[in-house]
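Novice: Take a look at this one; I'll ask things after.
Rule-based calculations on the coordinates, nothing more; no lab input. Only a predicted model underlies this, so the values are computations on that prediction, with no experimental measurement involved. Here the Cβ positions follow ideal geometry from the backbone for every residue, glycine too, while neighbour counts run over all protein chains shown.
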Amino acid sequence: MEKRKAEQAKKHLEKLRQIIAENPSPIFNMSKEEVIKTLRETRESIWKEKLAVRH
């Protein structure tokens, strides 16, 4: 049972790696400042959504 789960996990990881290799995230082409700016904007939008759901 454990061996089967490990094999499935390995296959899943290989598939994810293949997908990422084919279509890398645009974050890899950004400068450090652009990445930080993007992450801050994303975090801010997530917090706004969380607050909207609560109220």
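Novice: Kindly provide the helix-only [θ] at 222 nm of the chain, computed as the sum of -39,500 (n - 2.57) over DSSP H runs of four or more divided by all residues, to the nearest 500 deg cm²/dmol? Mind dumping the intermediate values first?
Specialist: On the way: 2 runs with 44 residues, N = 55.
That comes out to -28000 deg cm²/dmol.
Novice: Between 0 and 90 degrees, rounded to the nearest ten: what's the tilt of helix 32-54 against the longest Cα principal axis of the chain?
Specialist: On a 0 to 90 degree scale, this one is about 80.
Novice: State the label only: which of [x] 45, 16, 13; [y] 44, 35, 14; [z] 79, 11, 6 corresponds to Cα extents along the principal axes in Å computed from the shown model?
Specialist: [y]
Novice: Cross-link partners among lysines for Lys3, C-alpha distance below 21 Å, same-chain residues fewer than 8 apart left out?
Specialist: List returned: Lys11, Lys15.
Novice: Among the lysines, which have Cα under 21 Å from the Cα of Lys48 when same-chain residues fewer than 8 positions away are ignored?
Specialist: Hits, sequence-local ones excluded: Lys37.
Novice: Roughly how tilted is helix 2-22, in degrees to the nearest 10 and between 0 and 90, from the longest Cα axis of the chain?
Specialist: 50
Novice: In whole Å, how far is the Cα centre of the range 11-30 from that of the range 35-55?
Specialist: Cα centroid of the range 11-30 versus Cα centroid of the range 35-55: 24 Å apart.
Novice: Shifting gears a bit: If R₀ is 30 angstrom, what is the calculated FRET efficiency for the pair Arg4 and Ile27, using the beta carbon separation as r and rounding to 0.05?
Specialist: 0.30
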